[in-house]
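Asks: Here you go, one structure.
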Amino acid sequence: MKALRSPTGATGYGVARISPFFSKSMWNEGFTIIGSPSHDAKKLWPDDYQQFCETMEKYEKQMRRIADRLAEMMMEVLEISEKKRKWVGASDVSAALQLNFYPTCPEPNRAMGLAPHTDTSIFTILKAKSSGLQILKEGKWIPVHPHPNTLIVHTGDFLRIMSNARFCSPTHRVVPNENDERYSIAYFYSPPTDYVVSPSVTGDLNSVARFRDVTVKEFIGIKAQKFGESLSFIST
Ligand SMILES: O=C(O)CCC(=O)C(=O)O
Ligand SMILES: [Fe+2]
């Protein structure tokens, strides 16, 4: 509780961020890190925070390298201009690490680990060791079984907007388990907050923008109010 996320804060320990949109509590708790973890880690382990910080910073750095490369490739595929993709690799990208914990649940059929949602990011790089994650595909929940030494990449709302809906931002959820507790680490990667996300319209088949332009900051605000209706809110 020492590092409890403050009502207006973004980092620290707390319930799932999407909790306000659901009446039932979720079987999940998490720790959010943006930039240096030391502010919150010092509160938890005043004399022994360095190892945690070093590990998290190392992980963040590795994720950042993968994310920058992946983003560069995606911008290329989407034919985003040099000017509009300058943010990739810049120091002010919006990135966050979310450490998730799902305890064992005595009645998994009556609880939700993490409720259905789409990620707001360009993409999210996820590391998980056990099952529980499910993706909604054509009306059915498909389990995503983690494979050792692999990372899962969720494409998010910003990529959906930027790609003019050629990439989707799949709805996913986590179901709890009676016997196994579950840990996951999500790395959310988005452009800087003042970046204007605009649909890339190219060629005849894709000549009409399906979304209006929106800054990262504005869309995050829309998502905080409209949640699952956010993309239709900015649809043209
Ligand atoms: O724990 C997981 O596998 C998914 C986490 C997730 O979807 C999220 O943090 O947005
Ligand atoms: Fe997610």
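The values are calculated or read from the model by the stated rules, or taken from the named source; none is laboratory data. Since we're looking at a predicted model, the values are computed, not measured. Here the Cβ positions follow ideal geometry from the backbone for every residue, glycine too, while neighbour counts run over all protein chains shown. SASA here: full protein model, heavy atoms, side chains in, ligands and nucleic acids out. Shrake-Rupley method; radii C 1.70, N 1.55, O 1.52, S 1.80 Å.
Asks: Going by what's in this entry, would residue 38 be described as over 18 Å from residue 186 (Cβ atoms) and either open to solvent by less than 60 Å² (accessible area, probe 1.4 Å) or touching a strand residue (DSSP E or B) at 6+ places or on another chain (Cβ under 8 Å) (or both)?
Replies: Considered against the rule, which asks whether it is over 18 Å from residue 186 (Cβ atoms) and either open to solvent by less than 60 Å² (accessible area, probe 1.4 Å) or touching a strand residue (DSSP E or B) at 6+ places or on another chain (Cβ under 8 Å) (or both), residue 38 comes out as yes.
Asks: Follow-up question, since we're still on this one. Could you say which residue among 149, 179 is free of Cβ contacts under 8 Å to residues at least 60 places away in the same chain and either farther than 22 Å from residue 17 by Cβ or not aliphatic (A, V, I, L, M) (or both)?
Replies: 149
Asks: Okay, next question. Mind listing whichever residues of the range 152-173 are surrounded by fewer than 20 Cβ atoms within 10 Å (Cβ to Cβ), in contact (Cβ under 8 Å) with a residue 40 or more places away in the chain and within 14 Å of ligand 2 (Cβ to nearest atom)?
Replies: Listed by number, the residues that qualify are 153, 170, 171, 173.
Asks: I'd like the full set of residues that are open to solvent by 70 Å² or more (accessible area, probe 1.4 Å) and either in a helix (DSSP H, G or I) or under 15 Å from residue 35 (Cα atoms) (or both), limited to the range 47-65.
Replies: 50, 51, 54, 55, 57, 58, 61, 62, 65
Asks: Within the bounds of the range 32-46, is there any residue that is within 16 Å of ligand 1 (Cβ to nearest atom), of a type in the set (Ser, Thr, Tyr), under 27 Å from residue 173 (Cα atoms) and assigned to a helix (DSSP H, G or I)?
Replies: No, that holds for no residue.
Asks: Among residues belonging to the range 11-28 that are of a type in the set (Phe, Trp, Tyr) and in a loop (DSSP other than H, G, I, E, B), point out the one that is most open to solvent (accessible area, probe 1.4 Å).
Replies: 27
Asks: Can you work out which of the residues in the range 174-212 that are of a type in the set (Phe, Trp, Tyr) and within 16 Å of ligand 2 (Cβ to nearest atom) is farthest from residue 112 (Cα to Cα)?
Replies: Here the residue is 189.
Asks: Within the range 56-94, how many residues are of a type in the set (Val, Ile, Thr) and modelled with pLDDT under 95?
Replies: 2
Asks: Quick check on this structure: which one of 144, 196 is surrounded by fewer than 15 Cβ atoms within 10 Å (Cβ to Cβ) and touching a strand residue (DSSP E or B) at 6+ places or on another chain (Cβ under 6 Å)?
Replies: 196
Asks: Which residues, taken from the range 88-114, are surrounded by 16 or more Cβ atoms within 10 Å (Cβ to Cβ) and over 30 Å from residue 76 (Cβ atoms)?
Replies: Within the range 88-114, 99, 100, 102, 105, 108, 111, 112, 113, 114 qualify.
Asks: Same structure again: Given the residues 124, 202, 120, which is the only one that is assigned to a loop (DSSP other than H, G, I, E, B), at pLDDT 95 or above and open to solvent by less than 50 Å² (accessible area, probe 1.4 Å)?
Replies: Unique residue meeting the criteria: 120.
Asks: Here is a further query. Residue 105 passes all but one of (1) touching an Asp or Glu at 6+ places or on another chain (Cβ under 8 Å); (2) within 16 Å of ligand 2 (Cβ to nearest atom); which number fails?
Replies: (2)
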